[in-house]
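The values are calculated or read from the model by the stated rules, or taken from the named source; none is laboratory data. As the structure is a prediction and not an experimental result, all values here were calculated from the model. Please note: Cβ atoms are built from the backbone with ideal geometry, for glycine as well, and neighbour counts cover all protein chains shown. Accessible surface is based on the protein model in full, side chains and every heavy atom, while ligands, DNA and RNA are left aside. Shrake-Rupley method; radii C 1.70, N 1.55, O 1.52, S 1.80 Å.
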Amino acid sequence: QGSIKAPRPHHSFSSAAAMPVRLRVRITKQRSPDASEVALVAETSLRVCGGTDALGAWDPKRSPKLERLRTEEGAESGGCSGGSSIWEGLLDDAVAVPGTEFKYVVLNLNKHQYIWETQGPMHVMPGPDSPAATHEFNHAVAPAAARAGQAAGKSRASADGAAAKIQRPAALGQDAKTVPKKVRLSVPKSFCSAAGKVRVAVCGESPELGQWDLTKAPQLQEVGCDKASGARQVEGDIRATLGSEFKYVLLSSSNDARWEQKRPNRRFAVEPDQDCVHCFDQLESHEATESRARVAVEEHVLIKATKEFQLENVAVTDCWIPWAHNVQADRTLQGHGRGPRTIFHAFHWPFSEVKNRLQEIKSFGFDAVQISPAQKSKAGHEWWARYQPQDYTKIEGLGTLEDLTQLCTHAKDIEMMIIADVVFGHMLVVASGSEWERAQSKPRELQALKQRLSQAVGPTFDADDFQWPWFKMEGRHWDNDNRYEGWGNGEWSELRHCPKVVEVHKQHLQTLLDAGVRGIRFDAVKHMRPAHLAEYVGYLRQPGRAQHVYIYGEVLSVDESMHREYMDPLSMPTTDFCLTVFINAAVKAEGGAAAAAAGARAAAVAAAASEGLDVVRSGAVIAATGQQSAPVLSVDSVRFARNHDTVKNPGSFYGLDSGCARARVVWAWLLSVHDGTVLMYPDDLMHPSAADLLKRALRFRAQSGICAEASEVCLRSISQDGSSAPRPALVTVTLRNHAGGIEGVCLLNVTQDAELVVGSLPLRSSAPEEATALLAEGGSLVVLQADGKITDQEGVPQRLRVQPWDAVFLVEAPL
């Protein structure tokens, strides 16, 4: 549902006096067909985006907007016909600093569309004596000094223009590592000229990659051609800084440059698969590896204690966060058994790889593994191709049916559950949204597209098994009552709810069960009506099944009422986006204390509003007590700090875009409480900045959480000078058993740069409190007294030190 934002350009500006500036821009189909089409839609705005805070700090959503004056050449506002549009706006003197560099961005928030200028150098904010002029979108005119430099040669001019659209982040840390790598790239036939060999530059921020200067970037050479597809194969030995950004640039014989434009900047990484081949201007199946390299560099120097806080010596504010109690009382567990506590998401892993590493995964404390969709899908190695089913009667793509059966057999032998992901709402894309839209008024074209669809999904299905009339699901329709039958982005082939479709899906479920699968995740549940999903849930729970089947649904929403459409009648848990949004808000340095006090439902409302949505705040406040309700959807909800949607589309879903290091705090919180099912994204467990904390948290969950029936959660915020707004510092999770006794304690430091010295803990229990002996991870013993003070066995006060973005775990031990 999200789109990839264009890279943010480099910026610089002078210190000249600010002044009001009137900007006028023409967007034409000739210079940018995509921008021209989107600009004619009523909800679209044109943003002036630059590096200063006043220009949004390269975030188009925060940038000042221009107003559409008129459309030309017969185009009508709100339509999709051809033509150009004229935009104008007055920027006040706090915004328009002369000399500031910027780009125009066509933005439609309803459709999550960001179209940046990609041609020419940066625009430069005019000075007080500059004559009024109309800018052309995608055709910036460089200032005089820059134009003089560009006269040096066409190649350098092309490099400057292309580099202007690439983000140039701050210099990498001194500890960044330079590594060699064999780079292999496939250039599709559509990008290649008929004659001459293909040359590709590897241009990026690392000095070895030219520091975004195309004339200094190393090049790859053509080594072959794939006869079947016509794609050219290029390769070369490249050395660059690990985690540094780069892009591939296709060079013509005349030194014209074609930069990758449809994907974000790449990250220089050494893939485990040495035969890995990138594809020009496309997302790769191994993007997660590149993401790990990025986070390794950024976060290696990010977390460091630069100060110390003894919490007994500073002003603190405690916010008690209510948590669910008594697991047995929850409605989703009655009659359907208890689900797994921790699931490892083997995202896009081949079945054989999962089998080979299953024992290792179990040793970390996981009791289940979730695999990616198993059916035959759209051709390609990209992760998203798995979510475009083509044939439900075949197990193909990540392994054969035999591979899946062997995996499940091994899992049963070591008492692990395999959970399969199923995509039943839609099938593969056979035409773009614009093709389907155009065909609605052209019967012959529509019939041709339906025939293409029938050929792609036959012989099992044909076009009559899909949802008609065609409706383009975009913008607000992702979350309103049109979300059930619409075609996602106008291109997801939406299946209709009918006996034939249901029967094919049941056969696929049975194939999975026969292979040994014992859990099912239903993808994109909110786009299926509850009655449709109920047929599959009923089939999995029908009387006489020898094995219990665990079931949960992905509901990508922070609207609690939408989740309850499925949770309540189907008695199944859903993905707890509400909880993820709340914890991320609560641990932020700025505003976190207020967000924690306001509660999860308020955080959901704010997150939804940022996407232009409204949500129902059911159960937000308990009127009798004035307390916030528990932030969880249910005690068995499926919880995560990051998942494949937020990782692959950072920022596109309620602003969830944290890297591995920052997310580890959220993971530790989720793993420390007694309830819920935690679904862990594999990158985080394997990343050096997060792995240690996550593995320790998994051990704590296995040791203490299994006997606990209640969690007491407190966020302690500090105010360094006693007058400033409090900032979140310490999360304490105290686990209690059925008798009220303490099973374990987690002390989680949510600050990024402060070591916390803790001598006492907040306790909140109605049960008579006694001293509790607690065993630390290093083997030392401390005693938690009835008043919350920490001592040794002789009663001498003790203090525990908690490092930034880290935790101390204590488990109950006999005195």
### Query
How about the range 414-450: which of its residues are small (Gly, Ala, Ser) and within 31 Å of the chain's Cα centre (by Cα)?
Ala420, Gly425, Ala431, Ser432, Gly433, Ser434
### Query
What about Met567, is it open to solvent by less than 10 Å² (accessible area, probe 1.4 Å), hydrophobic (A, V, I, L, M, F, W, C) and assigned to a helix (DSSP H, G or I)?
yes
### Message
Looking at the structure I just gave you, is Gly2 farther than 30 Å from Ser557 by Cβ and either at pLDDT below 80 or crowded, with 20+ Cβ neighbours inside 10 Å (or both)?
### Response
no
### Task
Report the residue count in the range 661-692 for those that are in a helix (DSSP H, G or I), over 20 Å from Val369 (Cβ atoms), touching a Leu at 6+ places or on another chain (Cβ under 9 Å) and not small (Gly, Ala, Ser).
4
#### Entry: Check on Asp59, over 22 Å from Gly612 (Cα atoms) and among the acidic types (Asp, Glu)
no
### Tabulated pairs, the range 607-622, first open to solvent by less than 70 Å² (accessible area, probe 1.4 Å), second among the acidic types (Asp, Glu) and at pLDDT 75 or above, C-beta under 8 angstrom, 6+ apart or interchain
Ala608/Asp559; Leu613/Asp479; Leu613/Asp559; Val615/Asp559; Val615/Glu560; Ser618/Glu560; Gly619/Glu560
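Restricting to the range 511-533, and then to whatever is charged (D, E, K, R) and under 30 Å from Asn482 (Cα atoms), can you tell me which residue is surrounded by the most Cβ atoms within 10 Å (Cβ to Cβ)? Don't jump to the end; show me each part of the working.
So in the range 511-533, the residues charged (D, E, K, R) come out as 514, 518, 521, 523, 526, 529.
The next check asks that each one be under 30 Å from Asn482 (Cα atoms); those that pass are 521, 523, 526, 529.
On the way: Arg521: 24, Asp523: 19, Lys526: 21, Arg529: 14.
Here the answer is Arg521.
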### Message
Which of the numbered conditions does Ala379 fail, given that it passes all the others? Conditions: (1) closer than 24 Å to Ile551 by Cβ; (2) in a loop (DSSP other than H, G, I, E, B).
### Response
(1)
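Would you point out which residue out of Arg444, Arg386 is farther than 26 Å from Met680 by Cα and not hydroxyl-bearing (Ser, Thr, Tyr)?
Every option except Arg444 fails the conditions.
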### Task
Give the residue that is farthest from the chain's Cα centre (by Cα), with candidates limited to residues of the range 565-598 that are free of Cβ contacts under 8 Å to residues at least 60 places away in the same chain and under 19 Å from Gly676 (Cβ atoms).
Leu570
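Conditions (1) modelled with pLDDT of 80 or more; (2) under 30 Å from Thr317 (Cα atoms), marked per residue:
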site: His548; (1), (2): yes, no
site: Tyr566; (1), (2): yes, no
site: Thr575; (1), (2): yes, no
site: Ala593; (1), (2): yes, yes
site: Ala602; (1), (2): yes, yes
site: Leu613; (1), (2): no, no
site: Ser629; (1), (2): no, yes
### Query
Of Arg199, Arg239, which residue is within 30 Å of the chain's Cα centre (by Cα), open to solvent by 40 Å² or more (accessible area, probe 1.4 Å) and in contact (Cβ under 8 Å) with a residue 24 or more places away in the chain?
Arg239
### Summary
Conditions (1) in a helix (DSSP H, G or I); (2) in contact with a Phe, Trp or Tyr (Cβ under 8 Å, 6 or more places away or on another chain); (3) open to solvent by less than 10 Å² (accessible area, probe 1.4 Å) -> Arg699 fails only (3)
### Task
State all residues of the range 450-484 that are among the charged types (D, E, K, R) and surrounded by fewer than 18 Cβ atoms within 10 Å (Cβ to Cβ); if no residue qualifies, say none.
Arg452, Asp462, Asp464, Arg476, Asp481
### Query
For Gly433, all conditions in the list (1) in contact with an Asp or Glu (Cβ under 6 Å, 6 or more places away or on another chain); (2) open to solvent by 40 Å² or more (accessible area, probe 1.4 Å) hold save one; what is the number of the exception?
(2)
### Task
State yes or no: is Leu509 within 30 Å of Gly655 (Cβ to Cβ), modelled with pLDDT of 95 or more and in a helix (DSSP H, G or I)?
no
### Task
State the number of residues belonging to the range 573-597 that are closer than 18 Å to Arg521 by Cβ and of a type in the set (A, V, I, L, M).
1
### Message
Looking at the range 535-555, can you tell me whether even one residue there is surrounded by fewer than 21 Cβ atoms within 10 Å (Cβ to Cβ), touching a residue at least 60 places away in the same chain (Cβ under 8 Å) and within 30 Å of Gln406 (Cβ to Cβ)?
### Response
yes
#### Entry: Filter result for Gln233 (open to solvent by less than 70 Å² (accessible area, probe 1.4 Å), polar (S, T, N, Q) and free of Cβ contacts under 8 Å to residues at least 60 places away in the same chain)
yes
